[in-house]
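Notes for the one structure printed next.
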Amino acid sequence: MSDTVLITRALTRRYGAVEALSQASITIERGQIYGLVGRNGAGKTTLIRLISGQSLPTSGEIRLFGATSAHELNRMRARTGAMVEIPSFYPYLTARQNLEYYRIQRGIPGKGCVDEALELAGLTDTGKKKFKHFSLGMKQRLGLALALMNQPEFLLLDEPINGLDPEGIVEFRELLLQLNRERQTTILISSHILSELSNLATCYGFIEQGHLIEEISGTALQEKCRECLELSVDDASQAALTLEQALGTRDYEILPHNKVRVYTLLDQPQKVNSALMNAGVSVYSFERKGSNLEDYFLKLIGGRHHG
C-alpha cells in the first residue's frame, strides 16, 4: 500500500482570463495533517474543490490514492470526505433527517453511520430542531458530520472552524487529532486562523495569488520560527569558537554576512555579549528574534512581493 494519499502536478484552474490556481504541485502522505495557509481569495478553496471533484482542472494532474483517470478518481473519492463551505442542507429538516437523506442519496449502508457522525460532531442533542434555526457554528458541525459519515481515509476541510466559539474550536481541534491518531485519517485543512492551524498541522503549504509558494514540514517550520539571539559580528568563526568554549553551547547557526543565531542562553544576553567582547569579537547588533505562523507567512508573501 502506498504511503502517498495525494499528489498534484502543475494543477491549474482558470475562470475566463482569471487564473484562480496556477501550476500547484503538492504532496500529502498518509497520516499527515496538511495545513493550507493563504489569505482569502488566494486559491485555497479552488484547490480543495479540484481535489474533491467539485470542480475540474483546466490543466495539470491529480493523483489520489494512486489513481489519475477520471473514472478511477471518482472511485477513489468514495474514500474521502469533504467540507467546502457549508453544504446545502434542507432548512425544514433536522440534523438527523438531513444526514439520513444524504446517506440514502450516496448509498451508504446502515443507519449507524448517521448516529456516529452526529456524535463525533457534537450534534446528538439537537433533537427536532430544524436546520434553519441552527447557529453558524451548528451548521459547520453538521457539515463536518456529513464529511465524516462514510468514515473517510482522507478528509478535506475548507475553513471548517468559521463561526465556532473558542470552546467549539478546541473541541473541533481535539476531534481532528482524535481521528488522525485513532483512525490514521489524513487531513487537508485550510484556515485563516493560523494560530489554530499551528496546533494541528504536521506540514504546511503556503499559497498566495493562486501560486503554491512553499511546502514545509511542521518540524522544519518550528525550527525556522525558534526564538534566538541574532548577532551581527565582525568575526563569525571566532564568535562560534567562543560560544562553544566559553559558553558551552553548540546550539547556534552561522548565517551569511557574519551573522550568528544563538538558540540557548536567551535570558542571558549580557553574558553572551560579554563573552564575545572578552574574546575580541566586535558585536555590531544584538536582537532577540522569533516568529509564529502568522509572522512566517507575512514574511514569506512579503518576500515574494518585493524580492
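The values are calculated or read from the model by the stated rules, or taken from the named source; none is laboratory data. If you're wondering where the values come from, they're calculated on a predicted model, not measured in any experiment. Quick reminder, even Gly has a Cβ in these numbers, built from the backbone with ideal geometry, and neighbours come from all protein chains shown. Heavy atoms of the whole protein, side chains included, go into the accessibility calculation; ligands, DNA and RNA do not. Shrake-Rupley method; radii C 1.70, N 1.55, O 1.52, S 1.80 Å.
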Expressed as a whole number of Å, what is the distance separating the alpha-carbon centroids of the range 231-286 and the range 49-104? 54
Amide N of the range 17-34 lying under 19 Å from the label point, which is placed 7 angstrom from the Cα of Ser217 along Cα→Cβ: 26-34
Taking only Cα atoms and a 10 Å spring cutoff, compute GNM fluctuations for the chain and point out the largest among Gly205, Gly107, Gly41. Gly107
Can you give me the orientation-averaged projected area of the convex hull built on the Cα atoms of the range 231-279, in nm²? 2.9
Other-chain or far-sequence residues with amide H under 5 Å of Glu208's (modelled H): Ile213
Please report the antiparallel percentage of DSSP beta bridges with both residues in the range 122-249, rounded to the nearest 5. 55
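Sort largest first and round to whole Å: the equivalent ellipsoid semi-axes of the chain, each the square root of five times a Cα gyration tensor eigenvalue.
On the way: eigenvalues 420, 100, 57 Å².
Largest first, the chain gives 46, 22, 17 Å.
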Just flag the chymotrypsin sites (Phe, Trp or Tyr not before Pro) in the range 41-96 sitting in loop per DSSP whose Cβ has no more than 11 other Cβ atoms within 10 Å. Tyr92
Cβ-derived FRET efficiency at R0 22 Å, Asp267 paired with Ser237, nearest 0.05: 0.25
Test of understanding: in a Gaussian network model of the chain with alpha carbons linked when under 10 Å, which of Lys289, Lys271, Lys128 would top the mean-square fluctuation ranking? Lys271
Per residue of the chain, what 222 nm ellipticity follows from adding -39500 (n - 2.57) for every DSSP H run with n ≥ 4, rounded to the nearest 500? -11000 deg cm²/dmol
If amide H atoms are modeled at 1.01 Å from N in the peptide plane, then the residues at a separation of 5 or more from Ala82, or on another chain, having amide H under 5 Å from its own are Leu156
Gaussian network model of the chain, Cα within-10 Å springs - most flexible of Pro87, Pro166, Pro152: Pro166
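For the range 125-210, which chymotrypsin sites (Phe, Trp or Tyr not before Pro) are in a loop by DSSP, counting at most 11 other Cβ atoms within 10 Å?
Numbers: sites: Phe131, Phe134, Phe154, Phe172, Tyr204, Phe206; in loops: Phe134.
The qualifying sites: there are none.
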Could you state the number of Å between the C-alpha centres of the range 1-35 and the range 205-225? 14
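Order these peptides, 100-106, 241-247, by their mean beta-carbon neighbour count within 10 angstrom, highest first. All intermediate terms of the calculation are to be shown ahead of the outcome.
Values: 100-106: 13.7, 241-247: 16.1.
Ranking, from highest mean packing down: 241-247, 100-106.
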Phi-based couplings in Hz for the range 279-289 (Karplus 6.51, -1.76, 1.60; Gly and Pro marked x): 8, x, 8, 7, 9, 8, 8, 8, 9, 8, 10
Hypothetical label at Glu119: residues of the range 136-178 whose amide nitrogen lies under 20 Å (7 Å Cα-Cβ projection): 141-153, 171-178
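Roughly speaking, to the nearest percent, how much of the range 87-219's 1.4 Å accessible area is carbon and sulfur? It would help to have the intermediate numbers written out before the result.
Values: 3020 of 6090 Å².
Carbon and sulfur together cover 50 percent of it.
Could you provide, to the nearest whole Å², the per residue accessible area of the chain with probe 1.4 Å? Don't skip to the end; give the middle numbers.
Details: 15300 Å² over 307 residues.
Accessible surface, normalised per residue, equals 50 Å².
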Calculated FRET efficiency for the pair Ser69/Gln178, C-beta based, R₀ 30 Å, to 0.05: 0.30
